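The values are calculated or read from the model by the stated rules, or taken from the named source; none is laboratory data. As the structure is a prediction and not an experimental result, all values here were calculated from the model. Glycine gets a Cβ as well: all are built from the backbone with ideal geometry, and neighbour counts include every protein chain shown.
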């Protein structure tokens, strides 16, 4: 039970790690957060002694630490062993003073790197591009520093909530270029890329530009990914036994014969997530 | 394992006054200040005991009415009572001080009994006997008893001389008919930000102000405060964010603000409650527009207040006599956990699964589970003098016509017919 059944239906070869040189795109909605998948992939990766680079744009390290502990992994230890590199993209992404990250005391693990943009406005396309290039450099540095030899590092780069960048006003094309660069980097190191974005369907468009950006963003990310995990709430409304529905689908470039697209229901528990076929929740059986 | 960490933390650092640790995950909580009643389902309960320190709660405002504003008032006045630092930012008032002057104040328990809430009196009495037994246990309480409140009034009055010696309450009962005394208001730790006076980039300036307050008052959780300063908590109330009075250079400024605010609060002893006039942005009431949805994604918790007065469809419904509106929970705070703590702690199965309604009485605002009122017995279904709407329905479904689904003309009236 639990996460094992997700691994079974994803059926990634060797150790349930995301396959080499592949990207996974997770889309979620407001009613059903896709966070539990992120934590699962972190835990899987750390448990099999592989390197994770986690870019936390929506949460601080403590969040991952506490949940990781519940899922049976000590992320502080993992950081010390060099299995986890946390890149903080939340606390000082916009602040010019960035006094907070520097004052980090010993109680909370210092992030490996911090993403900051020094420019006051990112609406300017030129600065938007430069900032993202800086982000890429930070990520590249983190990976290069850890893996001196390129061989089979199987590093996993995770973006928790890439939508933040889009919302913050970065140019959508620049973000996509940034993602593409990350993907190339990952391919070089035989690793994998996991991206979480928000994709709500039950919304009415507000402004044409935003809508277009979101559309381009989503479609091109889908195009670049081999596996699509889409998480959403139940269409019929809330249920006590089912938190939501997860669809595992094939990306456009995916030719893997072993991969079987499927849809499961899931229920998030305190320290685990149960997955079951539709209609097989505990309340029914 | 997590419990071990929690103990260490409590030993090391004293938690700020008027806050408490969540029994579920050791998260530091502050109260929303809403009236708590054992039998009633309350706001706090839905959020899992309170608003976690370091999080941002978004309240989507109601149309035409000001219930969301009232919720914000509760949050702020609770902060004043608990001795927290309170920061209010609004663009709707000419002076934010006016907003503070309109805050309710602690209810006097003896006034409460025999007041207009007659249906509650019995419950209240019952509760008091229970409360009396547990009076000795100070901090651990899942609801606010009326008894400690009396004590509290005394505390407040004696507060001015030496404010640091008495333990500040976590959650108190407020009376909407009273207003906050002037001397309390003068002594409270208030920071008022008038958005109208800010420059062209309201969000950016406001963020700087918040950052200053946090730094000046040693609210940063990463820095050890000077030994003579006791750790306090900060309550940030932002009224009607993104209303037309807010100025920004681009539509992305608000997202940058929310993201930075979140990052700032995560490492400080503060929590924010933000109300937003979401209806201004959406054309239909059922579907939120993508702009609002993005803001919702940027906040830790999202609730919505939907007033019956705001739409003609619900304005005349039968239930509008019992309730004043619906209370929706869209997102629950999941800091440091996979699921929100309310799932474990609350009597509710989960926040979003329940239909919640609210009503505003003369003295208090309550949120409770929403039930449709019984419509008479089986035999007299939908007959009798009720509201206009039910009569209309009755006309449509006259059994003689046989237009009802599944009913056969000429047969007896099926009570379950619709």
Exercise for the section: Keeping to segment A:49-88, report how many residues are within 14 Å of chain B (Cβ to nearest Cβ) and in a helix (DSSP H, G or I). Expected result: 13
Exercise for the section: Please enumerate the residues belonging to segment A:230-247 that are surrounded by 13 or more Cβ atoms within 10 Å (Cβ to Cβ), more than 14 Å from chain B (Cβ to nearest Cβ) and under 14 Å from residue A:278 (Cβ atoms). Expected result: A:245, A:246, A:247
Completion exercise
Just one listed residue, out of A:148, A:153, A:236, is in contact with a helix residue (DSSP H, G or I) (Cβ under 9 Å, 6 or more places away or on another chain) and assigned to a loop (DSSP other than H, G, I, E, B), and it is A:153
Fill in the blank from the handout: Scanning segment B:211-233 for residues that are surrounded by fewer than 15 Cβ atoms within 10 Å (Cβ to Cβ) and within 14 Å of chain A (Cβ to nearest Cβ), the one modelled with the highest pLDDT turns out to be B:212
Practice task
Scan segment B:234-248 and give yes if some residue there is within 12 Å of chain A (Cβ to nearest Cβ) and either in a loop (DSSP other than H, G, I, E, B) or crowded, with 22+ Cβ neighbours inside 10 Å (or both), otherwise no.
Solution key: yes
Exercise for the section: Report yes if residue A:250 is more than 10 Å from chain B (Cβ to nearest Cβ), at pLDDT below 90 and on the phi < 0 side of the Ramachandran plot, otherwise no. Expected result: no
Practice task
Look at residue A:97 and say whether it is farther than 19 Å from residue B:28 by Cβ, more than 9 Å from chain B (Cβ to nearest Cβ), at pLDDT below 85 and assigned to a loop (DSSP other than H, G, I, E, B).
Solution key: no
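Can you confirm whether segment A:11-30 contains a residue that is assigned to a helix (DSSP H, G or I) and either modelled with pLDDT under 90 or under 12 Å from the mean Cα position of the chain (by Cα) (or both)?
No: segment A:11-30 contains no residue that is assigned to a helix (DSSP H, G or I) and either modelled with pLDDT under 90 or under 12 Å from the mean Cα position of the chain (by Cα) (or both).
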Exercise for the section: Quick one: which residue in A:176, A:166, A:185 is out of contact with any strand residue (DSSP E or B) (no Cβ under 7 Å at 6 or more places or on another chain), within 11 Å of chain B (Cβ to nearest Cβ), part of a helix (DSSP H, G or I) and touching a residue at least 12 places away in the same chain (Cβ under 8 Å)? Expected result: A:166
Practice task
Could you list all residues from segment A:188-215 that are more than 14 Å from every other protein chain (Cβ to nearest Cβ) and over 29 Å from residue A:14 (Cα atoms)?
Solution key: none
Problem - Restricting segment B:268-299 to residues that are in a loop (DSSP other than H, G, I, E, B) and surrounded by 24 or more Cβ atoms within 10 Å (Cβ to Cβ), the residue that is farthest from the other protein chains (Cβ to nearest Cβ) - result: B:269
Problem - Filter pass, residue B:329 being closer than 30 Å to residue A:60 by Cβ, more than 12 Å from every other protein chain (Cβ to nearest Cβ) and modelled with pLDDT of 70 or more - result: no
